[in-house]
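Single-structure report; data block below.
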Amino acid sequence: MRRFAQVDVFTERAGLGNPVAVVLDAEGLDDEAMARFARWTNLSETTFVLPPSADGADYHLRIFTPGGELPFAGHPTLGSAHAVVGAGVAKPVDGRLVQECAAGLVPLVFEDGADGGAATIRATVPRANVTSIEVPADELAASLRARALFDPIAIDVGPTWIVARLDRADDLAGLKVDDAGLAALSMRLGATGATVYAPNEDGKVEVRSFAPAEGVPEDPVCGSGNAAVAVHVTTTGGLRHVGNAWTAHQGRFLGRDGRVAVTVSDDRKVTIGGPCVTVIEGTVALG
């Protein structure tokens, strides 16, 4: 039996945000055992905590979707850090931990909540950059059944997201995704899926992420997708009013409304953050 937790990320309330399943002592599990368990949980991501192999890392994290392994993902990183600390696997020093994953070392900062609010965890996203992939705008619009898309770009934040802007949040609400068409496009371009965003009624940012090629028709609240949006905003100049820090809304169309705190530094380093809440603790039979 192995220690296990399930954590809702980007929310203070259980049952909202995005859940991640975390196996806290995964040493000895092979790739197929991890992939099989990720298919069984059928969550957008399942993670496996291992002893670190890199200097400076507190633990090593492997991240699986139902369709395969990812080098980095946002909500699994935050939720796993929350679970690791809660289980005593690692302890922050001066509020900081370092996660090792296939994308490299990820710095994590634990912050107390203001005015008695929930504590948050922030992660610095690895190697966020615009790729040279040419995105066929008409094909992307057809696969999302979107009336109009602006500046579709493929952005690598560990996983590669095809990112585009829409005019309004109402346009996001009206998307009727062709899963097979988007999966085929994603696989042809070597992308995880598509993330689209728009200003909502308050002038803030609303986001949706779709990854049917990974077995995830829609990710409720996607950290790496929001990091890719940050790169898109700074690259295209879209939504200039948000400046270099904003709180994105994602998940309300699935009844999982979450909030993602996004910042972009002057040298274009992106951080994502939010609160986490443990929903399940126990053991699982694996190995």
- Message: Report every pair of residues separated by at least 6 positions or lying on different chains whose Cβ atoms are under 8 Å apart, first residue within region 71-99 and surrounded by fewer than 24 Cβ atoms within 10 Å (Cβ to Cβ), second in a loop (DSSP other than H, G, I, E, B) and of a type in the set (A, V, I, L, M).
- Response: Pro71/Ala102; Pro71/Ala103; Ala87/Leu24; Val89/Leu24; Leu97/Ala90; Val98/Ala57
- Single residue of region 174-202 satisfying the filter (assigned to a helix (DSSP H, G or I) and under 20 Å from the mean Cα position of the chain (by Cα)) that is surrounded by the fewest Cβ atoms within 10 Å (Cβ to Cβ): Met187
- Within the set of pairs 6+ apart or on separate chains, which have a first residue in region 132-155 that is on the phi > 0 side of the Ramachandran plot and of a type outside the set (Gly, Ala, Ser), a second that is assigned to a helix (DSSP H, G or I) and surrounded by 19 or more Cβ atoms within 10 Å (Cβ to Cβ), and C-beta atoms under 8 Å apart? Asp151/His232
- Message: Go through region 1-11 and report how many residues are open to solvent by less than 40 Å² (accessible area, probe 1.4 Å) and part of a loop (DSSP other than H, G, I, E, B).
- Response: 2
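Could you please give the count of residues in region 147-166 that are in a loop (DSSP other than H, G, I, E, B), surrounded by fewer than 20 Cβ atoms within 10 Å (Cβ to Cβ) and of a type outside the set (Lys, Arg)? Explain how you work it out, then say what you get.
At the first step, the residues of region 147-166 found to be in a loop (DSSP other than H, G, I, E, B) are 147-149, 157-159, 166.
Then keep just the ones that are surrounded by fewer than 20 Cβ atoms within 10 Å (Cβ to Cβ); that gives 147-148.
Next, from what is left, pick out any that are of a type outside the set (Lys, Arg): 148.
Total satisfying the criteria: 1.
If you check Phe64 against the conditions, is it within 29 Å of Trp246 (Cα to Cα), within 17 Å of the chain's Cα centre (by Cα) and not in a helix (DSSP H, G or I)?
Details: within 29 Å of Trp246 (Cα to Cα): yes; within 17 Å of the chain's Cα centre (by Cα): yes; not in a helix (DSSP H, G or I): yes.
Considered against the rule, which asks whether it is within 29 Å of Trp246 (Cα to Cα), within 17 Å of the chain's Cα centre (by Cα) and not in a helix (DSSP H, G or I), Phe64 comes out as yes.
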- Query: From the list Thr46, Thr65, which residue is of a type in the set (Val, Ile, Thr), over 23 Å from Val109 (Cβ atoms), in contact with an Asp or Glu (Cβ under 6 Å, 6 or more places away or on another chain) and open to solvent by less than 60 Å² (accessible area, probe 1.4 Å)?
  - Reply: Thr65
- Query: Which residues, taken from region 234-287, are within 17 Å of the chain's Cα centre (by Cα) and aliphatic (A, V, I, L, M)?
  - Reply: Ala248, Leu254, Val260, Ala261, Val262, Val264, Val270, Ile272, Val277
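Is it the case that region 12-27 has a residue that's open to solvent by less than 10 Å² (accessible area, probe 1.4 Å), under 12 Å from Gly287 (Cα atoms) and out of contact with any Gly (no Cβ under 6 Å at 6 or more places or on another chain)?
Initially, region 12-27 is screened for residues open to solvent by less than 10 Å² (accessible area, probe 1.4 Å), giving 17-18, 20-23, 26.
Among the residues that remain, those that are also under 12 Å from Gly287 (Cα atoms) are: 23, 26.
Going one step further and asking which of them are out of contact with any Gly (no Cβ under 6 Å at 6 or more places or on another chain), we end up with 23, 26.
The answer is yes; a qualifying residue exists.
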- Item | Qualifying positions in region 28-43 - buried (at least 18 other Cβ atoms within 10 Å of the Cβ), part of a helix (DSSP H, G or I) and in contact with a Pro (Cβ under 7 Å, 6 or more places away or on another chain) | Ala38
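The values are calculated or read from the model by the stated rules, or taken from the named source; none is laboratory data. Everything numeric here is computed off the predicted structure, so don't read it as measured data. Because the Cβ atoms are built from the backbone with ideal geometry, glycine has one as well, and the counts that use them run over all protein chains shown. The area values use the complete protein model at the heavy-atom level, side chains included, leaving out ligands, DNA and RNA. Shrake-Rupley method; radii C 1.70, N 1.55, O 1.52, S 1.80 Å.
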